[in-house]
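*Asks:* Once you've had a glance at the structure underneath, I'll fire off some questions.
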2 protein chains.
Amino acid sequence: MDHQHFMAAVWHGARDIRVEPRSRMPLVPGEIRIRVAACGICGSDVHEYVDGPHAIPTDAVHPLSGRRAPLVIGHEFCGTVVELAPDVSTVDREQRVVVEPEYRCGRCAACLRGEYNQCRFMGFAGLMGDGGMADEAVVPAYMAHSLPDQVSFEQAAVLEPAAVALHAIRQGGLSAGMRCAVAGAGPIGLLIVQLARIAGARQIAVSDVSDDRLARALALGATHTVNARTERLAETADEVDVAFEAVGAQAALDDAYATVRKGGRLVLVGLFGHRPTIDAFGLVNREINLISSVGYRHVFPDLIEMVANGLFDPSRIVTRQVSLEAVVEEGFGRLARETVDVKVLVRPCEGQR
Amino acid sequence: MDHQHFMAAVWHGARDIRVEPRSRMPLVPGEIRIRVAACGICGSDVHEYVDGPHAIPTDAVHPLSGRRAPLVIGHEFCGTVVELAPDVSTVDREQRVVVEPEYRCGRCAACLRGEYNQCRFMGFAGLMGDGGMADEAVVPAYMAHSLPDQVSFEQAAVLEPAAVALHAIRQGGLSAGMRCAVAGAGPIGLLIVQLARIAGARQIAVSDVSDDRLARALALGATHTVNARTERLAETADEVDVAFEAVGAQAALDDAYATVRKGGRLVLVGLFGHRPTIDAFGLVNREINLISSVGYRHVFPDLIEMVANGLFDPSRIVTRQVSLEAVVEEGFGRLARETVDVKVLVRPCEGQR
């Protein structure tokens with residue numbers, strides 16, 4: 001390939017992601033170019049592949065990215081800075097970085113109070129704009145966090161879902177010595193388990209429909225597991241301080257709710273396709289709060305230090321790595337068919353550490 | 001009547017409340033006897049009258065009251081202490097008191113952390129045990145708060161629903177300068193309006209289906225009102241920091257939810273008869289928390305001082321006072337038929353201040 005093009009996984013439509021050459025565009029002020037080392041496939045990416053668009057803009061462009069489909073998918077990525085716009089001084093060339101892919105306008109009420117995950121133009125590079133499942137990526141410099149040498153790219157590529165999990169734990173007020181329950185042992189659920197263990201939870205009960213995933217949950221710190229096909233979570237865990245719904249389904253919501261103690265919290269992390277019902281009488285009567293958690297804010301620096309210090313290894317949920325060329329068949333196709341994998345990483349630039 | 005009996009409104013069943021003589025029982029340790037001056041009729045009481053039992057125990061006795069139906073209804077009451085068990089030293093004879101009618105076991109996890117409204121044996125004198133719609137009442141001494149001379153019995157009888165409203169405001173974190181919305185202008189909704197005004201809310205939008213009640217809301221401090229029969233609350237109020245659902249119905253929940261800003265809070269105070277659906281995707285995506293509020297804790301002393309200081313007059317929602325003898329027809333019957341009244345007080349002992 002010539003020097004004016006690079007390869008990227010481009011979402012054109014449902015069941016139509018193409019690994020194809022893209023033109024390299026000059027940087028505009030505030031941007032950096034990254035040679036991508038690793039990019040995780042998120043459940044949202046698989047949804048976009050299977051029956052999208054869900055979050056990907058196809059008519060109007062997103063106000064902060066200025067982009068709409070077709071666009072480069074992938075929002076869980078890291079790599080090495082190869083070019084900076086002249087006005088960028090927050091990162092250096094050759095610096096290893098992880099991308100925190102939330103766009104922020106910087107001017108709305110939410111951004112001004114620092115809650116940029118609630119930005120009125122909420123969006124993610126790799127869904128509402130070009131992302132990182134490619135040999136290279138261009139993002140606003142504010143998205144880049146530099147990586148210490150102790151943090152591998154394999155670990156860094158999982159920091160984005162780990163940020164979702166840590167934000168959920170903080171929103172829920174989970175603290176040392178508490179009991180918790182997690183409905184759903186997908187990537188987010190498993191990262192919540194791992195971080196809940198680190199946060200000192202004394203009981204971590206997990207439900208899922210897959211015994212494989214429950215076995216992983218146990219390995220990552222769960223104290224009790226329940227297969228939701230045959231058992232209710234509340235039979236194993238009751239009176240928990242904080243429960244997490246990490247599925248986005250009525251049954252998981254009901255299951256998680258049933259575990260919570262009076263005055264406890266039920267944290268919603270899963271994205272629901274349908275409006276669920278809730279036991280509003282019981283919620284009020286037991287004074288249980290439903291806490292919502294979306295994306296993350298201000299957690300990447302803490303997570304990077306946790307990984308650098310050896311306190312947390314997010315790469316433990318990585319089950320497979322595939323090349324960019326093979327991502328449609330071995331990544332999206334396989335994840336859409338079966339649940340044996342947890343986190344699949346795409347490694348676009350072979351030979352990077 | 002002889003000295004061994006007193007008159008009381010006794011719940012025997014749906015549509016069967018009888019004003020009848022009851023035997024005076026000797027006090028057991030920890031109890032006080034109150035000559036009742038005023039007792040409000042709560043929406044819950046009307047529900048018990050119309051199609052109860054809902055909260056009233058009819059089979060097993062309540063573990064803290066030791067009582068089941070038939071029992072004396074009424075949990076919004078105040079009066080004068082006329083007798084103390086020998087071990088009681090927290091109140092004096094002839095002291096004017098208001099009753100905080102929540103039972104508490106004092107030993108469960110919730111009671112031990114001071115969240116006695118979440119007591120595992122939650123209950124209210126006047127629903128789960130004998131209450132105060134009577135010439136006299138016997139309650140545990142811990143329920144009695146002494147009243148300064150500046151607080152009238154008419155005001156004191158409304159402190160219980162005011163406590164529900166203030167607890168909801170505190171649970172919701174409503175503070176000076178914030179915007180709020182209130183779905184429902186019944187007694188609780190109107191008290192939330194009044195207290196939100198005192199709390200310094202800069203916008204208080206209120207919806208109800210009754211224009212009479214909306215007019216009262218305006219008089220008590222609402223800045224905007226909306227008749228929910230023809231208009232959505234969100235057309236008038238958006239981006240509110242805290243919304244209150246004070247009805248317990250799907251339409252009011254949806255209406256209140258639609259007003260809340262990203263990162264805001266929707267406080268559930270109404271008791272739902274049916275499981276509502278919620279927009280869980282939007283809730284998560286907008287990071288809105290559903291906050292539950294039940295009963296009250298630690299607010300009676302603050303409210304009593306607010307009334308004594310002239311900061312708050314809960315009696316502004318009182319629309320009618322009736323005698324104990326007339327309570328079935330002029331109280332329950334009328335409240336079940338029409339919504340023109342807000343708070344009706346029963347005055348059992350004529351001649352008390």
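*Asks:* What are the pairs with Cβ atoms under 9 angstrom where one residue, in segment A:261-281, is farther than 14 Å from B:Ile278 by Cβ and within 7 Å of chain B (Cβ to nearest Cβ) and the other, located anywhere, is open to solvent by 40 Å² or more (accessible area, probe 1.4 Å) and among the basic types (Lys, Arg)? Sequence gap at least six, or different chains.
*Replies:* Listed pairs, sorted by first residue: A:Lys262/A:Arg286; A:Lys262/B:Arg120; A:Gly263/A:Arg286; A:Gly263/B:Arg113.
*Asks:* Specify which of the listed residues (B:Asp212, B:Asp208) is touching a residue at least 40 places away in the same chain (Cβ under 8 Å), over 16 Å from B:Tyr296 (Cβ atoms) and among the charged types (D, E, K, R).
*Replies:* B:Asp212
*Asks:* Follow-up. Would you please name the residue that is surrounded by the most Cβ atoms within 10 Å (Cβ to Cβ), looking only at residues in segment A:176-195 that are under 24 Å from A:Glu76 (Cβ atoms) and not aliphatic (A, V, I, L, M)?
*Replies:* Top of the filtered list is A:Gly189.
*Asks:* Determine whether segment B:223-234 contains at least one residue that is over 30 Å from B:Cys119 (Cβ atoms), open to solvent by less than 20 Å² (accessible area, probe 1.4 Å) and away from chain A (no Cβ under 14 Å).
*Replies:* Looking for residues that are over 30 Å from B:Cys119 (Cβ atoms), open to solvent by less than 20 Å² (accessible area, probe 1.4 Å) and away from chain A (no Cβ under 14 Å), one finds at least one in segment B:223-234, hence yes.
*Asks:* Suppose the filter is within 14 Å of chain A (Cβ to nearest Cβ), basic (Lys, Arg) and crowded, with 21+ Cβ neighbours inside 10 Å; does B:Arg216 pass it?
*Replies:* In short, no.
*Asks:* Among the residues of segment A:123-130, is there at least one that is in a strand (DSSP E or B) and more than 14 Å from chain B (Cβ to nearest Cβ)?
*Replies:* Yes, segment A:123-130 contains a residue that is in a strand (DSSP E or B) and more than 14 Å from chain B (Cβ to nearest Cβ).
*Asks:* Same structure again: Residue pairs, Cβ under 9 Å, 6 or more apart or interchain, first in segment A:26-38 and in the same structural domain as A:Val88 (by TED's automatic domain parsing), second among the aromatic types (Phe, Trp, Tyr) and open to solvent by less than 30 Å² (accessible area, probe 1.4 Å). List them.
*Replies:* Correct list of pairs: A:Ile34/A:Phe77; A:Val36/A:Phe77; A:Ala37/A:Phe77; A:Ala37/A:Phe153; A:Ala38/A:Phe77; A:Ala38/A:Phe153.
*Asks:* Residues that are closer than 20 Å to B:Ala168 by Cα and more than 10 Å from chain A (Cβ to nearest Cβ): does segment B:284-292 have at least one?
*Replies:* Checked against the condition, which is being closer than 20 Å to B:Ala168 by Cα and more than 10 Å from chain A (Cβ to nearest Cβ), segment B:284-292 yields no hits at all.
*Asks:* Out of (1) open to solvent by 10 Å² or more (accessible area, probe 1.4 Å); (2) farther than 25 Å from A:Ala37 by Cβ, the odd one out for A:Asp302 is which?
*Replies:* Here A:Asp302 clears every test but (2).
*Asks:* Hey, among the residues in segment A:240-260 that are of a type in the set (A, V, I, L, M, F, W, C) and in contact with a Gly (Cβ under 6 Å, 6 or more places away or on another chain), which one's farthest from the other protein chains (Cβ to nearest Cβ)?
*Replies:* Within segment A:240-260, the match that is farthest from the other protein chains (Cβ to nearest Cβ) is A:Val242.
*Asks:* Go through segment B:306-330 and give me each residue that's of a type in the set (Val, Ile, Thr) and within 16 Å of B:Ala196 (Cα to Cα).
*Replies:* Matches in segment B:306-330: B:Val307, B:Ile317.
*Asks:* Kindly evaluate A:Val327 against the criterion of being away from chain B (no Cβ under 14 Å) and open to solvent by less than 10 Å² (accessible area, probe 1.4 Å).
*Replies:* Answer is yes for this residue.
*Asks:* Still on this structure: Checking the condition of a type in the set (A, V, I, L, M), not in a loop (DSSP other than H, G, I, E, B) and not assigned by TED's automatic domain parsing to the domain that holds B:His75, which residue from B:Leu303, B:Leu335 passes?
*Replies:* So the residue among B:Leu303, B:Leu335 that is of a type in the set (A, V, I, L, M), not in a loop (DSSP other than H, G, I, E, B) and not assigned by TED's automatic domain parsing to the domain that holds B:His75 is B:Leu303.
*Asks:* Now, a different point. Would you confirm whether or not segment A:234-248 contains a residue that is without any contact (Cβ under 8 Å) to a residue 12 or more places away in the chain, of a type in the set (Gly, Ala, Ser) and either assigned by TED's automatic domain parsing to the domain that holds A:Gly184 or in a strand (DSSP E or B) (or both)?
*Replies:* Looking for residues that are without any contact (Cβ under 8 Å) to a residue 12 or more places away in the chain, of a type in the set (Gly, Ala, Ser) and either assigned by TED's automatic domain parsing to the domain that holds A:Gly184 or in a strand (DSSP E or B) (or both), one finds none in segment A:234-248, hence no.
*Asks:* How many residues are over 25 Å from the mean Cα position of the chain (by Cα) and open to solvent by 10 Å² or more (accessible area, probe 1.4 Å) when one looks only at segment B:235-277?
*Replies:* Looking only at that region, the number is 9.
*Asks:* Also, quick follow-up: Would you check which residues across segment B:173-195 are assigned to a helix (DSSP H, G or I), in contact with a strand residue (DSSP E or B) (Cβ under 8 Å, 6 or more places away or on another chain) and β-branched (Val, Ile, Thr) and list them?
*Replies:* B:Ile192, B:Val193
*Asks:* Within segment A:145-165, identify whether any single residue is in a loop (DSSP other than H, G, I, E, B) and under 30 Å from B:Asp238 (Cα atoms), and answer yes or no.
*Replies:* No, every residue in segment A:145-165 fails to be in a loop (DSSP other than H, G, I, E, B) and under 30 Å from B:Asp238 (Cα atoms).
*Asks:* Here's a follow-up. Quick check: anything in segment A:15-30 open to solvent by 40 Å² or more (accessible area, probe 1.4 Å) and within 21 Å of the chain's Cα centre (by Cα)?
*Replies:* There is no residue in segment A:15-30 that is open to solvent by 40 Å² or more (accessible area, probe 1.4 Å) and within 21 Å of the chain's Cα centre (by Cα).
*Asks:* Continuing with the same structure: Looking at segment B:284-296, I want the residues that are over 18 Å from A:Asn117 (Cβ atoms) and have a partner that is polar (S, T, N, Q) and open to solvent by 10 Å² or more (accessible area, probe 1.4 Å) with Cβ atoms under 7 Å, at least 6 apart or on another chain. Which pairs are those?
*Replies:* B:Leu290/A:Asn289; B:Ile291/A:Asn289; B:Ile291/B:Gln171; B:Ser292/A:Asn289; B:Ser293/B:Gln171; B:Val294/A:Asn285
*Asks:* For the subset of segment A:196-213 comprising residues that are outside any strand (DSSP E or B) and of a type in the set (D, E, K, R), which member is surrounded by the fewest Cβ atoms within 10 Å (Cβ to Cβ)?
*Replies:* So, considering only residues that are outside any strand (DSSP E or B) and of a type in the set (D, E, K, R), the one surrounded by the fewest Cβ atoms within 10 Å (Cβ to Cβ) is A:Asp211.
*Asks:* Another question, if that's okay. (1) part of a loop (DSSP other than H, G, I, E, B); (2) touching a residue at least 40 places away in the same chain (Cβ under 8 Å); (3) within 14 Å of chain A (Cβ to nearest Cβ); (4) surrounded by fewer than 23 Cβ atoms within 10 Å (Cβ to Cβ): which one isn't true of B:Arg170, the others all being true?
*Replies:* (1)
*Asks:* A further question on this structure: Condition test on A:Arg22, is it among the charged types (D, E, K, R) and assigned to a strand (DSSP E or B)?
*Replies:* Taking the combined requirement at face value, the residue satisfies it.
*Asks:* To continue, here is another question. Of everything in segment A:278-299, what is open to solvent by 40 Å² or more (accessible area, probe 1.4 Å) and closer than 22 Å to B:Asp254 by Cα? Give them in sequence order.
*Replies:* A:Asp279, A:Phe281, A:Asn285, A:Arg286
*Asks:* Further, regarding this structure: Looking at B:Pro57, is it part of a loop (DSSP other than H, G, I, E, B), of a type outside the set (Gly, Ala, Ser), closer than 26 Å to B:Ala326 by Cα and touching a residue at least 24 places away in the same chain (Cβ under 8 Å)?
*Replies:* It is true that B:Pro57 is part of a loop (DSSP other than H, G, I, E, B), of a type outside the set (Gly, Ala, Ser), closer than 26 Å to B:Ala326 by Cα and touching a residue at least 24 places away in the same chain (Cβ under 8 Å).
*Asks:* Something else: State the number of residues belonging to segment B:93-118 that are in contact (Cβ under 8 Å) with a residue 40 or more places away in the chain and either in a loop (DSSP other than H, G, I, E, B) or away from chain A (no Cβ under 14 Å) (or both).
*Replies:* The number of residues fulfilling the criteria is 12.
The values are calculated or read from the model by the stated rules, or taken from the named source; none is laboratory data. Given the structure is predicted, the values throughout are model-derived calculations rather than measurements. Note that each Cβ is placed from the backbone with ideal geometry, even for glycine, and that neighbours are counted across all protein chains shown. Areas reflect the complete protein model, heavy atoms only, side chains present, ligands, DNA and RNA absent. Shrake-Rupley method; radii C 1.70, N 1.55, O 1.52, S 1.80 Å.
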